[in-house]
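Step one of this worksheet: look at the structure below.
Just so you know, all these numbers are worked out from the coordinates, no wet-lab data involved. Nothing here was measured: the structure is a model prediction, and the numbers come from that model. Note: ideal-geometry Cβ built from the backbone for every residue, glycine included; neighbour counts use all protein chains shown.
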Number of protein chains: 2
Amino acid sequence: MNLRLARTIAEARAEVAAARTRGLSIAVVPTMGALHTGHAALIERACAESGFVVVTLFVNPLQFNDAGDYSNYPHNLQADLDLCEERGVDVVFAPSVDEMYPRATRTHVDVDTVTEPMEGRFRPGHFRGVATVVAKLFHIVQPDRAYFGEKDAQQLAVIRRMVDDLNFSIKLVEVPTVRETSGLAMSSRNQRLSEAERQWAVALYKALEEARRVIESGEASAAVVKARAAEVLAEYPQVSAEYLEIVDPDDMHPIETITGPVRIACAILVGKTRLIDNVRATPHPG
Amino acid sequence: MNLRLARTIAEARAEVAAARTRGLSIAVVPTMGALHTGHAALIERACAESGFVVVTLFVNPLQFNDAGDYSNYPHNLQADLDLCEERGVDVVFAPSVDEMYPRATRTHVDVDTVTEPMEGRFRPGHFRGVATVVAKLFHIVQPDRAYFGEKDAQQLAVIRRMVDDLNFSIKLVEVPTVRETSGLAMSSRNQRLSEAERQWAVALYKALEEARRVIESGEASAAVVKARAAEVLAEYPQVSAEYLEIVDPDDMHPIETITGPVRIACAILVGKTRLIDNVRATPHPG
């Protein structure tokens, strides 16, 4: 029952094959490492629901549109292993870039429409990289269930569409965002924030919460809701917003008139750090 | 041991799951139906090597760049079932278009480079459709082995690259082309040829054979080899060639100086019917 570290695809496959032989159901929690309590929530859920849990740690160069963001992405393998071991994870799969991409990939998985607004617009190529590496990880681990955080709502919508369209036989499990008491969503990138920046970063959640409040109090115009959220963001001049959108929760297209459940999503820059977050909102009937 | 016909993805998955439980290895032979003795060779090989064989019959609209070619593609389900039953196939999976594409797919699998020359140039979108539907069929059947014919050499190179790049855990088996005594390669599209067209269509194989002979007698210039093959094709004025290329057998890029094994590939039009074929050639050492 000890945690094993698999560095190669062959090792990971052998671990999973042995678990299958024992009749265990397989879960995967794909991460980029630098695990925090948000990841811990995914892992705990996976361990509660599956007989065998694989956590993948891989900072995928293909999904970074910004070389500085990639090279500065936090790493802490020993802390990640400790967190996984404490939660009862069976295997951590932490391959090198060469193991995952022994040569430049000529194959890409593209999802259209869902990928167009928000992160797709501000991070060209990001979702192609995400869909491609998640397809690879799904083929390596061949899990029954895969766990993703609600914080990356558009990523989850992209993966859900890929799984449906390509008939992957995998159940996707969405786990709610974990937040600090200030409301700041857990994120590996929070490690890069100074103390002052961490104070300013709460603007993100405060703007989303204001938008949700306005929608739930009956406002149907997305333009009005967004203007109110923008006022909140304007109280934090140290923060600049890339986008704040009100979108369909399934296909992520921006909505003008709010008549049903929506997702409110926002990206901000605090100093050099880019943060994203989102909340769901449902207008009161009638 | 009787042949079962699965019309839905759920039925196909249930058949394969039951075979897995019995410890059988799974083979898939993806086809567009209208089975001929070339397909029979794939099926016989699959049945000899695997405990459980699934033949898929699906005319995939996504891979047709020509609507007329799609609507005229031959169908004969009962004859296909008879051929499969005689060979000992376990399951024929013959889904409807609605079953495979319940809504327009937003997800595509693209392979670059390998797809650029030849069929990729003359059939825009063809290989995207092929890669996407093969990924779907692989996810539905989850086979250990998949069987493809050497006649569609570029298709096989595309699928091989997709399998490698995306870490599919599937062994690809390439089966040699089956030919009529005239040399004409077996193809479902041969059904559309008139008697006269069938005579003219031998130009394709004769040109490829001439190119191979010239290479094996020591000619290293692809331009010279192609000119000799063009002379053969010119003897058949009823036939027009789309391309005749000498390419690297792995990544399909056109070669100018022949120093190792190559593939010679050609596409022709005979009346309204488009036919492709290819042969391997290896220059004599020294």
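Between B:VAL158, B:VAL224, B:VAL114, the Gaussian network model of chain B with springs among Cα atoms under 10 angstrom shows the greatest mean-square fluctuation at B:VAL224. Restricting the trypsin sites (Lys or Arg not before Pro) of the range B:2-98 to loop positions (DSSP other than H, G, I, E, B) with no more than 13 neighbouring Cβ atoms within 10 Å leaves B:ARG7, B:ARG22.
Here the 3J(HN,Hα) profile of the range A:144-153, calculated from phi with Karplus coefficients 6.51, -1.76 and 1.60 at θ = phi - 60°, is 7, 9, 10, 10, 9, x, 5, 4, 9, 5 Hz, Gly and Pro shown as x. Among the DSSP beta bridges whose two residues both lie in chain A, what percent are antiparallel, rounded to the nearest 5? Within chain A, antiparallel bridges account for around 50 percent of the total. Calculated mean residue ellipticity at 222 nm for chain B: -11500 deg cm²/dmol, from DSSP H runs with n ≥ 4 weighted as -39500 (n - 2.57), summed, divided by the residue count and rounded to 500. Taking the centroid of alpha carbons for each part, the range A:211-240 and the range B:217-240 are 70 Å apart.
Past the 15 angstrom mark, what percentage of all C-alpha to C-alpha distances in the range A:6-94 do you count? When all Cα pairs of the range A:6-94 are counted, 60 percent exceed 15 Å. Comparing Cα centroids, the range B:12-48 and the range A:245-286 end up 46 angstrom apart.
Angle of helix B:9-21 to the longest C-alpha principal axis of chain B, folded into 0 to 90 degrees and rounded to 10: 80°.
For chain A, evaluate the Debye formula with one uniform point scatterer on each Cα (no solvent term) and list log10 I(q)/I(0) at q = 0.17 Å⁻¹, rounded to two decimals. Each listed q maps to, in turn, -1.45. Just in the range A:92-185: which trypsin sites (Lys or Arg not before Pro) are loop by DSSP and have at most 10 other Cβ atoms within 10 Å? Hits after loop and neighbour filter: A:ARG103. Backbone phi angles across the range A:92-104, fed through the Karplus curve with coefficients 6.51, -1.76 and 1.60 (θ = phi - 60°), yield HN-Hα couplings of 9, 9, 10, x, 6, 4, 5, 5, 7, 10, x, 9, 4 Hz in residue order; Gly and Pro are listed as x.
Counting, for every residue in A:109-116, the Cβ atoms of other protein chains within 10 Å of its Cβ and taking the mean gives 4. Summing Lys, Arg as +1 and Asp, Glu as -1, what charge do residues with Cβ under 14 Å from the Cβ of B:LYS171 carry, B:LYS171 excluded? With Lys, Arg at +1 and Asp, Glu at -1, the neighbours total 0.
Between amide H atoms placed 1.01 Å from N, distances below 5 Å from A:ARG4 occur with A:VAL91, A:VAL92, all of them 5 or more places distant or on a separate chain.
The 3J(HN,Hα) values that the Karplus relation (6.51, -1.76, 1.60; θ = phi - 60°) gives for the range B:266-282 are, in residue order, 8, 10, 10, 10, 10, x, 9, 9, 9, 10, 10, 7, 7, 9, 8, 9, 10 Hz. Gly and Pro appear as x.
With a/c under 1.5 counting as rounded, go ahead and sort the range A:94-192 into rounded, prolate or oblate using the C-alpha gyration tensor (a ≥ b ≥ c being the square roots of the eigenvalues; past the cut-off, prolate if a/b is larger than b/c, else oblate). Because its axes are fairly even, with a/c under 1.5, the range A:94-192 counts as rounded.
GNM remark for chain A: springs join alpha carbons under 10 Å apart, and the peak mean-square fluctuation among A:GLY68, A:GLY38, A:GLY88 falls on A:GLY68. Amide hydrogen proximity for B:GLU242: with H placed 1.01 Å from N in the peptide plane, the residues at 5 or more positions away or on another chain lying under 5 Å are B:ALA267, B:ILE268, B:LEU269. For the range A:154-229, chymotrypsin sites (Phe, Trp or Tyr not before Pro) are listed when DSSP marks them as loop and at most 12 other Cβ atoms sit within 10 Å of their Cβ; the list is empty. Helix A:202-216 against the longest principal axis of chain A: what's the angle in degrees, Cα atoms only, rounded to the nearest 10? Once rounded, one gets 70 degrees. Over the Cα atoms of the protein assembly as shown, the radius of gyration divided by the Kirkwood radius equals 1.03; this is the Rg/Rh ratio.
Expressed to the nearest 5 percent, the antiparallel share of DSSP beta bridges inside the protein assembly as shown is 55 percent. Residues considered: A:ASP250, A:ASP152, A:ASP66. Largest GNM mean-square fluctuation over chain A, using C-alpha springs under 10 Å, is found at A:ASP66. Taking the C-alpha atoms only, the angle from helix B:126-141 to the longest principal axis of chain B is near 30 degrees.
Would the range B:133-286 count as rounded, prolate or oblate if I go by the C-alpha gyration tensor, calling it rounded below 1.5 in a/c and otherwise prolate when a/b exceeds b/c, oblate otherwise? Since a/c reaches 1.5 but b/c is at least a/b, the shape of the range B:133-286 is classed as oblate.
Between the range A:159-208 and the range B:119-180, the alpha-carbon centres lie 38 Å apart. Its alpha carbons considered, the range B:188-278 gives a radius of gyration followed by a Dmax of 13.3, 40 Å.
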